[in-house]
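These notes are about the structure you will find just below.
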Amino acid sequence: MAAARYDVEQGGRGGEGKYPPPPEQMYPQREGEREWVPWFVPVVVAANIALFAVVMYVNNCPAHAASTRRGGGGGGGACVARGFLHRFAFQPLSENPLLGPSSAALQKLGALVWDKVVHEHQGWRLLTCIWLHAGVVHLLANMLSLVLVGLKLEQQFGYLRIGVIYIVSGVGGSVLSSLFIRNNISVGASGALFGLLGAMLSELFTNWTIYSNKAAALVTLLVVIAINLAIGILPHVDNFAHIGGFLTGFLLGFIFLMRPHYGWMQRYVRPSDIKYTTRKYLPYQWVLLAVASVLAVLGFAVGMGMLFKGVNANDHCQWCHYLSCVPTSRWSCGK
């Protein structure tokens, strides 16, 4: 899912799209704070592109299509761009309209498959699936979102904190997806990206005192998050991964993105002869950190326990499937 930049101080009228506001647009870099040089996000983007090329190499649409014809199997159409891409040609559009590999190739290289995770003990798929993408369209949308959101966050908070939030949120999205979806494979970095959105929201709450335009920042973030989650109710979109990633990132934001409050930062602009002995962090920030830590640990423990016991979360929540797809007269959600 794509998320984008907003000029929060201008109420989203900065002409920079419909994406979430990076932290530096909400408040300027303050004296005494370190500004990081981003490298984690560029490495993740490069890794995702490289892995997509590997998947397409393994997929080898022309060879598999030829073997299918020799075996008497029915063809679903010609490989896309075969004359130009050769071995890296895309699957027929009737099979994959996103310009990408087959489901078999994705499964072979680590896609999230409930049966393999639970019955074949391949828990590593909860992590590997966030590095794979279903097609060029899927890859470009996610990587563009990651660049627009992740670079600014990493510049403000550093590679370690943003890296932990990104990866753990991706796994959190995979866990929730596996609890509700059993019959389809799942790939993509959307859960991890929604984790960054969730972290931005909790960062706003825990660092409330340093924002000059609190209402604009909050409303803008909530609107952008709501729009992105609403898109997830369309068919063939794994909104459970989005929700799981968002909730994980929201909790991790309270833990990793806490910053000194406004009073502490004011010491940089006060005359040197004036002593300022206020505490660096406010009590409510520590309370939020403690509560979020407990909820994050409990959430992962319960989720992992239910997953590896083979629990179908749909049996405990009869309406939850509507969170991922809402049937209408124009489309159906399948089983």
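Residue check: Ser177 meets all listed conditions (1) open to solvent by 10 Å² or more (accessible area, probe 1.4 Å); (2) in a helix (DSSP H, G or I); (3) in contact (Cβ under 8 Å) with a residue 60 or more places away in the chain but one, namely (1). Can you spot a residue in segment 127-137 that is closer than 30 Å to Leu288 by Cα, modelled with pLDDT of 90 or more, touching a helix residue (DSSP H, G or I) at 6+ places or on another chain (Cβ under 8 Å) and not polar (S, T, N, Q)? Yes: segment 127-137 contains one or more residues that are closer than 30 Å to Leu288 by Cα, modelled with pLDDT of 90 or more, touching a helix residue (DSSP H, G or I) at 6+ places or on another chain (Cβ under 8 Å) and not polar (S, T, N, Q). If the condition is being closer than 12 Å to Val136 by Cα and open to solvent by less than 20 Å² (accessible area, probe 1.4 Å), then segment 40-57 contributes Asn48, Val55, Met56. Scan segment 225-235 and give yes if some residue there is of a type outside the set (A, V, I, L, M, F, W, C), open to solvent by 20 Å² or more (accessible area, probe 1.4 Å), in contact (Cβ under 8 Å) with a residue 12 or more places away in the chain and over 20 Å from Glu154 (Cα atoms), otherwise no. Yes, because at least one residue in segment 225-235 is of a type outside the set (A, V, I, L, M, F, W, C), open to solvent by 20 Å² or more (accessible area, probe 1.4 Å), in contact (Cβ under 8 Å) with a residue 12 or more places away in the chain and over 20 Å from Glu154 (Cα atoms). Within segment 199-257, being aromatic (Phe, Trp, Tyr) and either touching a Cys at 6+ places or on another chain (Cβ under 7 Å) or more than 18 Å from Val287 (Cβ to Cβ) (or both) holds for Tyr211, Phe240, Phe246.
Figure legend. Inter-residue proximity from segment 280-300: first residues free of Cβ contacts under 8 Å to residues at least 24 places away in the same chain, second residues open to solvent by less than 80 Å² (accessible area, probe 1.4 Å), beta-carbon distance below 6 Å, spacing 6+ or different chains. Indicated pairs: Lys280/Pro260; Lys280/Trp264.
Screening Pro327 with (1) surrounded by 15 or more Cβ atoms within 10 Å (Cβ to Cβ); (2) modelled with pLDDT under 95 gives one miss only, at (1). In segment 91-136, the qualifying residues are those that are out of contact with any strand residue (DSSP E or B) (no Cβ under 8 Å at 6 or more places or on another chain) and on the phi > 0 side of the Ramachandran plot, and the one that is most open to solvent (accessible area, probe 1.4 Å) is His121. Scanning segment 180-199 for residues that are farther than 23 Å from Leu51 by Cβ and open to solvent by 10 Å² or more (accessible area, probe 1.4 Å) yields Phe180, Arg182, Asn183.
The values are calculated or read from the model by the stated rules, or taken from the named source; none is laboratory data. Keep in mind that what you see is a predicted model, and the values were worked out from it rather than measured. Note: ideal-geometry Cβ built from the backbone for every residue, glycine included; neighbour counts use all protein chains shown. The area values use the complete protein model at the heavy-atom level, side chains included, leaving out ligands, DNA and RNA. Shrake-Rupley method; radii C 1.70, N 1.55, O 1.52, S 1.80 Å.
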